[in-house]
Every structure is written in structure tokens, then in C-alpha cells.
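> One structure is given below, represented as C-alpha cells, and several questions about it will come after.
The values are calculated or read from the model by the stated rules, or taken from the named source; none is laboratory data. Model, not experiment: these values are computed from the prediction. Positions of Cβ are generated from backbone atoms using ideal geometry, with glycine treated the same way; all protein chains shown enter the neighbour counts.
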Amino acid sequence: MPPAGEPWWRSAVVYQIYPRSFADAGGDGVGDLEGIRGRLDHLSWLGVDAIWVSPFFGSPMADFGYDVADYCDVDPLFGTLSDFDHLVADAHERGLRILVDWVPNHTSDQHPWFAESRSSRSSAKRDWYVWRDRPNNWKAAFDETQSAWTWDEATGQYYLHLFLPEQPDLNWANPEVVEAMHGVLRFWLDRGVDGFRVDVVHGLGKDPAFPDAPPETADRPWSGQNDHQSTHAILRDLRRLVDGYPGDRVLVGEVYLLSTRQIAPYYGDGDELHLAFNFAPLYAPWEAPAWRRSVDRVVEELDPRHAWPTWVLSNHDNPRHRTRYGSEARARAAAVLLLTLRGTPFVYAGEELGLEDAEVPPERRVDPGGRDGCRAPIPWDASTGHGWAGDDPWLPWPPEADVRNVAAEREDEGSVLHLYRRLLAARRESVALRLGSWSPLPSPPGVLAYEREAGADRRAVVVNYTDDVVKVAFPQAWTVQVSSDGQSEGASYEGTVGASQALLLRRQPP
Ligand code: GLC
């Protein structure tokens, strides 16, 4: 439990579920809400505090659910609203919070609002989307050759879409849109959700003049550049709405701007997002100086009074960190880092198994953004179907699924899964790790070392980014509490850290 007065989401670890790929109860090869519900005991055993479920709403699935055609219903592929209510009830019974993924920047082109908007220039919903006679130079995501504007033959204008043509952007400058989308939030808040992950939140406010992107960045998608001040008033209204509900509901925004300085304003003065993703570290190489810079930027740029940091290594949009960093040892060390930095960590389902991206042969590729590899299904056991009911899943299994699966790793105390479990348990029992201060400790090149402190509770962390054993001496005596390779836990720290090893140390009483 967080200390009194601290909202739960500051000390929580959030576990991201990509519902298509998590667990299939229905037997059609696509994961579903009942599949998630059936695995809640496992998540409690693991020790996460909250789950965020990627979109499961009515959708034609051009972007696998990030193209929503009905915000207030469950797509039949994933189940029913009543399945969702059961999921919330069962999660809450276990003390797990649940966040849903709200996609406010754009709808599906199959959403009735867009159908009406495109029906004629004089439609009552024409202005719910962004229609122009002439496009500017903005590029769409996923394909740099693609304009962010698509010509609509029937009504003779272009509409804006920062992503696929099947994902037209809503016009948040229209108060009716704001009202309708507030209604969506209330719908899910009333059903008991603990908050929202807000998709592409920096996209909401657009410069009403729609100026061209500058020549230096004109060939990059506008979805990674849109950063207009009008978004902040929209966010203040959303914050008021969400804070009007009891129980510390939370807004976690996906601000896909790759500098910490640019995401900082999205916390407002503590009156906008509660949490904002900071993706700059996700793109940092596995090198000590790069990570030290990432942490320094967070310390320098985020206002400590209200901008609580977040940390992410993997998600459904990027190659898994096990794949990016190139070895299991590094992925393990990265887990120690993720779960001991100051801020709220997000764990992407499967990283706790040490999964690599799947090799997806060309004929099985389905994602327009080339992200299939990190979305491979979770193997639950060593059987041929790996615990999935029925058909082959929609994507191929990740590598080594016969040994790298939940059942096998639960049996093996040396597994990556048990490492995550020990780290999560260590966070729970240490206020220093959850909420304490962060300060760097002197360390040789190639190593990042820091201390977390809250009153008498002190932990130190040593992360060796190199492939050599390194000496890192400290004046005080420390005990190894968790080590990324499971070695020497419980022993006194002897002043060396192994190749690609990370250690969580506990201060010995003087
Ligand atoms: C976000 C989602 C991504 C999706 C995009 C468009 O970046 O994380 O999966 O494709 O928004 O909704």
C-alpha cells in the first residue's frame, strides 16, 4: 500500500496487456478479455499493481484496435461489456487496478461520426473532423511517402489523418467533439476503471493555421512533431473530469515527442496529465553514459513538485528490449534498472519472460507499422498450443517458446520471470525504491550506480553495461538483495559487479 496521501499510481508498477496477444479463452487464435481474466492470479503472483489493456473496443482493426468505431462497447473479437465488468470486478478483488486505452486523437473511418462527417460538406458533423481544400506538407505515420491528408472524392476536400487514412483525426477545437469524448471517459469511469492510457495525447490540439512542417523535419511523420499549446486547455478539462471521480483515477499520456523537455509541459502545473510516458530512454542505446543522460534529463526537466517520472523499456510499438539490447544478461540488468529508478515503471507483457521479438515471415506480416515481432502471443506453457485454446494464434510464437513460457519459468527460480518477481517484491517492501530520492554514486566508466533513500531505508543499484567484470567500491557495507543473474543474493557486496550484471543492494545496519 502507498503511504497515506500518496496516490497509488506513484508507487505502482503497471503491466501492459496487448489483448490480441495475451491469452485466448475463445479459441479463435486471438486473445480476449476472458483470457485476461483467467490469468489474473498469475499477475497477482508476479506482483504488479495495475494492468493497462490496449484497445478492445469496436474496431475494423486497420490498426488492431487503435482505430475505434465504437468507444463504448467491446469488439466481439474480445468479448462483451459484461466480460469487461467481470474483468474489472475480478481484478479489483485481487487489488489490481485497471486502466483502459483511450484513443482520442482519431477514430476509425468506420465510426458513425466520420460516416456522417464525410456524407456532405453541410453535414452536422462535418466539423468534427479536419477538412481542408488544400493539404499542407504533413506526413502520415508508418510510411514517410504518405501524406497526412486523403482526398475525399465525394465531397471534394481532403481530411487529416496523422496515422492511416482509416484513422481520421478528430477536431478537438469543436466543443461538440470535446463533449462527446468526455462522455466516453465518463462511460468507463462509471464502470469502475482506475484510469486511462491516453493515445497520442500531444496530437489533440492543432495549430489552427495548419502551417507546413519545417523543411528539416518535413520528411518525418507529423504525429511525432505536433506540439501545440491548445492541447493544454484540453488536458486541464480532462484532468478536472477525471479528478472529479473518487479513488485517484489516473491519466497516463502517450506523449510521443522524443525529448524529456518537450513532455514536461504535459504535466501542466499538476493540473494536466498525472503521468506522461517519456520515450527518450526507450531509444537510448544500452550504454552507461546514455542512460545517465536520460536520468539527468528527467531530474532537470521534470518539476519535482508534480511531474512524477515514468519508465518504459518495451511496448507494443517497438522491438522488445531483449531484442534491442542483444542478450538475456542485458535484458535482465535492464529489468533491475527499470524497477529501481525513481518513477512509475511500465512492464510490457512478455518482457518478464525475457521474450525476444518473433521472426515474422513476410506472408504472416499484418501490421502496417511493421510492429508484429513485439506483438507475438504469450506462451503460457510448453504444450504445442502453449496454453492457447484452439487455433494457431494470429502471429507466430516468439523464439524458444518451448522453454521460455510462463509454466516453465515459474518452475525455475533462476528464470527471468522470478527475477521480475523478486524485484517487484523488493519494491513493495521498500519505500526508498517506490518513492525515495535518487542520487548518483561515483562509478567507473561503463557503470551506472545510484542510491535511493527514504529516511533510514537505503538501497543502492549498480548496473554494469560492459561485458567485463568491473570493480565498484563503496565506503559503506551493503548486502546484495537482488542480482540480475541470481548470484550472491543475501551475501555481502564484495565490490565487484559481473559482466552485464546489475545489483540491487540493501544498506547493512551500521
Ligand atoms: C499510438 C499507439 C500505436 C498506434 C498509434 C495510432 O502510438 O501506441 O499502436 O498505432 O497510436 O493510434
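> Might you let me know whether the stretch 402-415 holds any residue that is part of a helix (DSSP H, G or I), under 24 Å from the mean Cα position of the chain (by Cα) and either crowded, with 23+ Cβ neighbours inside 10 Å or modelled with pLDDT of 95 or more (or both)?
Of all residues in the stretch 402-415, those part of a helix (DSSP H, G or I) come to 406-411.
Filter again for under 24 Å from the mean Cα position of the chain (by Cα), leaving 406, 409.
Subsequent filtering for residues that are either crowded, with 23+ Cβ neighbours inside 10 Å or modelled with pLDDT of 95 or more (or both) retains 406, 409.
Checked against the condition, which is being part of a helix (DSSP H, G or I), under 24 Å from the mean Cα position of the chain (by Cα) and either crowded, with 23+ Cβ neighbours inside 10 Å or modelled with pLDDT of 95 or more (or both), the stretch 402-415 yields at least one hit.
> Just for the stretch 314-335: of the residues that are among the aliphatic types (A, V, I, L, M) and buried (at least 23 other Cβ atoms within 10 Å of the Cβ), which one is nearest to Leu99 (Cα to Cα)?
Ala335
> Might you check whether a residue that is surrounded by fewer than 23 Cβ atoms within 10 Å (Cβ to Cβ) and over 21 Å from Arg375 (Cβ atoms) occurs anywhere in the stretch 59-68?
Within the stretch 59-68, none of the residues are surrounded by fewer than 23 Cβ atoms within 10 Å (Cβ to Cβ) and over 21 Å from Arg375 (Cβ atoms).
> Another one. Are there strands (runs of 3 or more DSSP E) fully within the stretch 89-164 with at least 3 residues that are within 16 Å of the ligand (Cβ to nearest atom) and not assigned by TED's automatic domain parsing to the domain that holds Ser59? List them.
Working: elements: 97-102, 149-152, 157-160.
Once the strands (runs of 3 or more DSSP E) in the stretch 89-164 are filtered for at least 3 residues that are within 16 Å of the ligand (Cβ to nearest atom) and not assigned by TED's automatic domain parsing to the domain that holds Ser59, nothing remains.
> Give me a count of the residues in the stretch 171-225 that are surrounded by fewer than 19 Cβ atoms within 10 Å (Cβ to Cβ) and among the aromatic types (Phe, Trp, Tyr).
Number of matching residues: 2.
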